[in-house]
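Have a look at the structure below, then the notes.
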Amino acid sequence: MSDNSFFPVKQEIAKTAYVDEAAYARLYEQSINDPEAFWGEQGKRIDWIKPYSKVKDVSYTGDVHIKWFYDGTLNVSANCVDRHLATRGDQTAIIFEGDDPGVSKHINYKELHEQVCRLANVLKKNGVKKGDRVTIYLPMIPEAAYAMLACARVGAIHSIVFGGFSPDSLKDRIVDCDSHFVITSDEGLRGGRKVPLKANADKAVAAAPGVKHVLVVKHTGGNVAWTEGRDLWYHEEIASVSADCPPEEMSAEDPLFILYTSGSTGKPKGVLHTTGGYLVYASMTHQYVFDYKDGEVYWCTADVGWVTGHSYIVYGPLANGATTLMFEGVPTYPDISRFWQVVDKHKVNIFYTAPTAIRSLMREGEGPVKKTSRSSLRILGSVGEPINPEAWLWYYNVVGDGRCPIVDTWWQTETGGILITPLPGAIGQKPGSATKPFFGVKPVVVDNDGKELEGETEGNLCIADSWPGQMRTVFGDHERFVQTYFSTFAGYYFTGDGCRRDADGYYWITGRVDDVINVSGHRMGTAEVESALVAHPKVAEAAVVGYPHDLKGQGIYAYVTLNAGESPTEELRKELVAWVRKEIGPIASPDLIQWSPGLPKTRSGKIMRRILRKIAANEHDSLGDTSTLADPTVVTDLIENRMNNA
Ligand code: WTA
């Protein structure tokens, strides 16, 4: 797709948008030229208990540290709930749409307040104090939002673990942050199928002796095992406490949450976000990127187990007094029209989803979309991976009937909020491009030597200065934070993504340049999948790479060397896939496993992944320099037996 396909800003959107073209240019320039003044002003959008006088203290070199609004105090739950009570107590805060289309409910701000206060009191009653870590392992039900806000209310740090992760992955995350309190439910429900969350939590907690209590939401009513003294029923506990819980006064730089995410090496890292800057950034981006107007219904289809759910289902929208929809189910249940039926049922105005969902729905044709009205839709959004122009155009023409701008939002768990995106009233769109930086964000493209490239170019995407939503550290491992993000290119935050900047200054994300792959918009470290594979008793060695996949964006391709004496069978292949699912979770399941008697290595024994990526992508004609290979015949064998013959 050429850069020529251009969708200019629609006048009817620009007329009422918060930011039009001229305002974008002016505000962006201000934000870059004088960040202190710009953010000093913007920080006032939330309520402070003690107003800040210091805006920013950041260094990307030497003693790396990032602080925003750092002498101010506030409480995030008070900002997301209490401050709306006087003006919109009866307005719906959360619309819950169940997996079963017959189940939905509206929770207004008054009810949200009561739920959050009660749960906060339950945490206190059970010994949770400011600074303690609470692990949340819940399905997409309102209790997940209550739990996040209740932690914020008492100053506890939440760590949400996606319900699709295995007991082992859950255990690792509980142990890493030394969390003593876990919140889960009996079961989750997705596409009519039950997910045994409590049973998984039981297995995880059995190997995490620090856990004192497991609070269990009765959701499906399914049978669960019970450990007296440790396990507590959510409904019994909240009935036993008062509905009044004053919010804790938190410093702007006190931690708000930890969220584990995959990197290119080692175990997932605990990305730490703090209170003041994060909330300012999440709420500001939610308002401007989606042009959210009072009274609109906003729906982000992500799971709260991912950062998108944190910033754009819960914190951003609720800080703005929005009505945010939480959907428990999947796009294909009970049928392929479900998303659009939900849009019509709740009159959704703003819809935010992932390219992988669009691609899978697009496969089924226009029919299931066109039989719904979707006339309430005004803005569409995309996140998680590059959206291919074909999917963009289908989203635009079929879902949006050519009426709704698409905001293709680029960001990361680490960035806390959206960094590169169109603003609907200000920036025209090119299908496949995340377009331009948000206020205060200064993208820089550098070559492999760290030299800044000017104008139209392609290279590694870095950000030159800080923004308030940026992560502050890796929980418990500041050195890893410094190494991962600030050591590759001195003086910049390195995103791990590659990108192209075109002649109009638009950014096109080309995907990860490190050993992280993006499977259906979910980040996965190849090292994690490899270590799961080699933990199998029959496996000697494994190398994992991503390869282009029609629906998932990238699929997981594993080259596996078996121990001497083991034979490669179809059963063993299935066993290994099941093994990885059990070790990490279904999102890590290898799509293709190739038996590899040998792996291409340099003479010093380093696996040449570049070659493995090429073979997996079926680009074996362009392997590049193979002169450093210890044994070139290994490559010939791999090409002959490759799996991806399509
Ligand atoms: C990718 C998700 C292209 C990117 C919010 C990034 C994208 C990683 C886009 C972060 C987009 C996210 N266009 N690529 N609009 N959005 N990515 O931490 O590679 O789960 O580094 O955060 O997803 O994934 P994460």
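Residue check: is Phe481 touching a strand residue (DSSP E or B) at 6+ places or on another chain (Cβ under 6 Å), over 20 Å from Leu279 (Cβ atoms) and surrounded by 20 or more Cβ atoms within 10 Å (Cβ to Cβ)?
Here the answer is yes, as Phe481 does meet what is asked.
Tell me which strands (runs of 3 or more DSSP E) are completely within the range 239-340 and hold 1 or more residues being without any contact (Cβ under 8 Å) to a residue 40 or more places away in the chain and basic (Lys, Arg), or say none if there are none.
Per the criteria, no element qualifies.
Yes/no matrix, rows are residues, columns are (1) crowded, with 17+ Cβ neighbours inside 10 Å; (2) of a type outside the set (Ser, Thr, Tyr):
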site	(1), (2)
Leu361	yes, yes
Gly367	no, yes
Lys370	no, yes
Ser376	no, no
Gly381	yes, yes
Pro386	yes, yes
Leu393	yes, yes
Val398	yes, yes
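Based on this model, can you work out whether Ala527 counts as over 18 Å from Gly432 (Cα atoms), more than 12 Å from the ligand (Cβ to nearest atom), aliphatic (A, V, I, L, M) and at pLDDT below 95?
Yes; evaluated as a whole, the condition is true for this residue.
Which condition number does Phe439 fail, the rest of (1) more than 16 Å from the ligand (Cβ to nearest atom); (2) more than 19 Å from Leu27 (Cβ to Cβ) being met?
The single condition Phe439 does not satisfy is (2).
Of the residues Ala503, Ala532, which is more than 12 Å from the ligand (Cβ to nearest atom) and within 30 Å of Gly565 (Cβ to Cβ)?
On inspection, the qualifying residue turns out to be Ala532.
When residues of the range 38-73 are filtered for being closer than 28 Å to Tyr24 by Cβ and part of a strand (DSSP E or B), how many remain?
6
Restrict the check to the range 428-436 and report whether at least one residue is more than 15 Å from the ligand (Cβ to nearest atom) and buried (at least 18 other Cβ atoms within 10 Å of the Cβ).
no
When residues of the range 576-607 are filtered for being under 23 Å from Asp637 (Cβ atoms) and of a type outside the set (A, V, I, L, M), how many remain?
So the answer is 14.
For the subset of the range 442-468 comprising residues that are charged (D, E, K, R) and more than 16 Å from the ligand (Cβ to nearest atom), which member is farthest from Met284 (Cα to Cα)?
Per the stated criteria, the residue is Asp449.
State yes or no: is Ala426 in contact with a helix residue (DSSP H, G or I) (Cβ under 8 Å, 6 or more places away or on another chain) and either small (Gly, Ala, Ser) or within 29 Å of Leu551 (Cα to Cα) (or both)?
Answer is yes for this residue.
Assigned to a loop (DSSP other than H, G, I, E, B), under 28 Å from Cys177 (Cβ atoms) and small (Gly, Ala, Ser): does that describe Gly127?
So Gly127 fits the description; yes.
So which strands (runs of 3 or more DSSP E) stay within the range 506-576 end to end and still have 2 or more residues that are over 30 Å from Ser5 (Cβ atoms)?
Ranges flagged: 522-525, 539-549, 553-562.
Report, by residue number, each residue of the range 610-635 that is out of contact with any strand residue (DSSP E or B) (no Cβ under 6 Å at 6 or more places or on another chain) and either under 30 Å from Phe165 (Cα atoms) or of a type in the set (Lys, Arg) (or both).
Arg610, Lys614, Ile615
All but one of (1) over 19 Å from Pro268 (Cα atoms); (2) buried (at least 22 other Cβ atoms within 10 Å of the Cβ) hold for Trp595, so report the exception by its number.
(2)
Here is a list of conditions, (1) on the phi > 0 side of the Ramachandran plot; (2) surrounded by 23 or more Cβ atoms within 10 Å (Cβ to Cβ), and Gly565 meets all of them except one; can you say which number that is?
Exception for Gly565: condition (2).
Give the residue, chosen from Lys15, Lys10, that is in contact with a Pro (Cβ under 7 Å, 6 or more places away or on another chain) and among the basic types (Lys, Arg).
Lys10
Condition test on Lys129, is it free of Cβ contacts under 8 Å to residues at least 60 places away in the same chain, out of contact with any Gly (no Cβ under 6 Å at 6 or more places or on another chain) and among the charged types (D, E, K, R)?
Against the criterion (free of Cβ contacts under 8 Å to residues at least 60 places away in the same chain, out of contact with any Gly (no Cβ under 6 Å at 6 or more places or on another chain) and among the charged types (D, E, K, R)), Lys129 qualifies.
Would you pick out the residues in the range 399-420 that are of a type in the set (Ser, Thr, Tyr) and either more than 10 Å from the ligand (Cβ to nearest atom) or closer than 22 Å to Leu361 by Cβ (or both)?
Across the range 399-420, the qualifying residue is only Thr409.
Which residues, counting only those in the range 549-568, are modelled with pLDDT under 95 and β-branched (Val, Ile, Thr)?
none
Scan the range 612-646 for residues that are under 17 Å from Trp595 (Cα atoms), loosely packed, with under 10 Cβ neighbours inside 10 Å and of a type outside the set (S, T, N, Q) and jot them down.
Matches in the range 612-646: Glu640 only.
Out of the range 587-646, which residues are of a type in the set (Asp, Glu) and under 28 Å from Leu551 (Cβ atoms)?
Asp591, Glu619, Asp621, Glu640
From the residues in the range 184-199 that are under 12 Å from Gly163 (Cβ atoms) and touching a Phe, Trp or Tyr at 6+ places or on another chain (Cβ under 7 Å), which one is surrounded by the fewest Cβ atoms within 10 Å (Cβ to Cβ)?
Ranking the candidates gives Leu197 first.
Among the listed residues Phe475, Phe494, Phe486, Phe481, identify the single one that is touching a helix residue (DSSP H, G or I) at 6+ places or on another chain (Cβ under 8 Å) and either away from the ligand (no atom under 14 Å from the Cβ) or within 16 Å of Val307 (Cβ to Cβ) (or both).
Just a single option satisfies the conditions, and that option is Phe475.
Any idea which of Asp294, Asp344 is over 19 Å from Asp408 (Cα atoms), in contact with a helix residue (DSSP H, G or I) (Cβ under 9 Å, 6 or more places away or on another chain) and more than 14 Å from the ligand (Cβ to nearest atom)?
Asp294
Each row is one residue, and each column tells you yes or no for (1) touching a residue at least 12 places away in the same chain (Cβ under 8 Å); (2) surrounded by fewer than 22 Cβ atoms within 10 Å (Cβ to Cβ).
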| site | (1), (2) |
| --- | --- |
| Phe486 | yes, yes |
| Arg500 | yes, yes |
| Ser531 | no, yes |
| Gly553 | yes, no |
| Arg573 | yes, yes |
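Going through Asp465, Asp514 one at a time, which residue ends up being surrounded by fewer than 20 Cβ atoms within 10 Å (Cβ to Cβ), of a type in the set (Asp, Glu) and out of contact with any Lys or Arg (no Cβ under 9 Å at 6 or more places or on another chain)?
Selected residue: Asp514, the only one of Asp465, Asp514 that is surrounded by fewer than 20 Cβ atoms within 10 Å (Cβ to Cβ), of a type in the set (Asp, Glu) and out of contact with any Lys or Arg (no Cβ under 9 Å at 6 or more places or on another chain).
The values are calculated or read from the model by the stated rules, or taken from the named source; none is laboratory data. Here the structure is a predicted model, which means the values were calculated and not measured. Heads up, the Cβs are rebuilt from the backbone with ideal geometry, glycines too, and the neighbour counts pull from every protein chain shown.
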